[in-house]
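One structure is given here, and the rest of the page talks about it.
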Amino acid sequence: MTKYQWLVVITLIGCMISFASCNKTQQVKVSVVPDAEPTKMVEQESSDVIPVESIDGTVDILIYIGKTLWIRPEDAENEAEMTKFLLESESIQVEITKSKESVRDWMLQTTANGVVNVCILYGILPSTIYPSGNAQPDGSVAENWIETTDGDTILNHADYFGYNSSEGKANERGAMQNLMDLPEIEINVYEHNIDMFVTVEGSRLAPSMVHFKSDRPFPLDQLEDEWFAERILASDTGNPQATLADPVIVRDGDRGRLAIVFHTVYKNDPKAEVAAQIINYLLTQ
Ligand SMILES: [Ca+2]
Ligand SMILES: [Ca+2]
Ligand SMILES: [Ca+2]
């Protein structure tokens with residue numbers, strides 16, 4: 001064969017190989033998840049939840065119930081369903097997930113997207129957004145999420161925000177300290193049943209608020225730098241001049257927020273109603 005013929009043969013073989021391998025990947029994709037990225041498919045298969053979830057940046061509110069503490073999983077699921085129902089009646093897009101990977105993917109898509117997003121947790125911080133044992137004190141997915149002027153908000157129910165991770169080592173006090181960049185801030189873990197009296201603002205903003213006993217109220221007197229209490233719904237005094245508050249929305253200047261809502265041990269608080277009322281407030285700011 002001439003040099004030219006050899007070239008043609010080699011090119012033809014090359015085309016056949018690339019065509020065959022291309023077909024092969026496409027077949028695999030179609031048989032599992034039609035429009036997912038290959039890397040995503042692997043994660044979804046290894047996850048213990050629903051194989052396909054339609055959670056993307058168009059979802060306003062994401063509720064994570066994969067693991068919970070100080071609230072039974074079935075109770076968290078009921079509260080989550082009720083929260084979703086209440087918000088959807090206001091045309092707010094809400095999804096519930098048990099997948100910590102979905103929480104991470106959604107956070108990455110909703111970081112600095114110009115919209116207020118809220119992530120609801122029940123006493124467990126997914127390790128996908130804040131690596132367990134405080135392995136990433138700065139720059140975690142969750143920290144980046146609350147550092148933009150979107151005003152994105154992590155709303156935590158039940159156990160101490162961030163104290164426990166979805167797996168691996170507990171974060172204890174470190175998570176809240178690192179996420180807020182306030183190295184000293186801590187919630188008193190030795191006291192329980194602290195009376196929280198509804199403030200005027202609390203009953204206006206969340207009509208479902210009633211007097212209750214908090215187990216981990218937020219220490220208002222430890223806020224520093226640009227962090228401030230944006231809304232105090234209940235406090236140890238019943239007015240905004242207080243040292244402890246729950247529920248409370250705290251905000252980092254004009255950036256993101258944390259909302260502590262019923263930090264209580266296995267108590268039947270109106271979590272869903274108050275969360276929905278707070279979110280209605282946040283989304284109209
Ligand atoms: Ca956002
Ligand atoms: Ca940090
Ligand atoms: Ca920071």
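The values are calculated or read from the model by the stated rules, or taken from the named source; none is laboratory data. Fair warning: this is a prediction, and the values are worked out from it, not measured in the lab. Glycine also receives a Cβ, built like all others from the backbone with ideal geometry; neighbour counts cover every protein chain displayed. The area values use the complete protein model at the heavy-atom level, side chains included, leaving out ligands, DNA and RNA. Shrake-Rupley method; radii C 1.70, N 1.55, O 1.52, S 1.80 Å.
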Note to self: Please verify whether residue 130 is buried (at least 19 other Cβ atoms within 10 Å of the Cβ), within 16 Å of ligand 2 (Cβ to nearest atom), of a type in the set (Phe, Trp, Tyr) and in contact (Cβ under 8 Å) with a residue 24 or more places away in the chain, treating the condition exactly as stated.
What the structure shows: yes
Next item on the list: For region 53-82, enumerate the residues that are under 12 Å from residue 157 (Cβ atoms) and either in a loop (DSSP other than H, G, I, E, B) or among the aromatic types (Phe, Trp, Tyr) (or both).
Entry: 64, 65, 68, 69, 70, 71
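Within region 203-212, is even one residue hydrophobic (A, V, I, L, M, F, W, C), away from ligand 3 (no atom under 16 Å from the Cβ) and under 25 Å from residue 56 (Cα atoms)?
no
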Checklist line | Cross-chain or 6+ apart pairs with Cβ under 9 Å, region 212-231 first and at positive phi, then open to solvent by 30 Å² or more (accessible area, probe 1.4 Å) | finding: 225/181
Check: Got a sec? Which of 108, 155 is assigned to a helix (DSSP H, G or I), within 24 Å of residue 177 (Cβ to Cβ) and away from ligand 2 (no atom under 16 Å from the Cβ)?
Finding: 108
Margin query: Can you pull out every residue in region 84-108 that is touching a residue at least 24 places away in the same chain (Cβ under 8 Å) and either among the hydroxyl-bearing types (Ser, Thr, Tyr) or under 11 Å from residue 119 (Cα atoms) (or both)?
Written below: 94, 95, 96, 97, 99, 102, 103, 104, 106, 107
Margin query: Return the residues of region 63-108 that are of a type in the set (Phe, Trp, Tyr) and open to solvent by less than 80 Å² (accessible area, probe 1.4 Å); say none if nothing qualifies.
Written below: 64, 70, 106
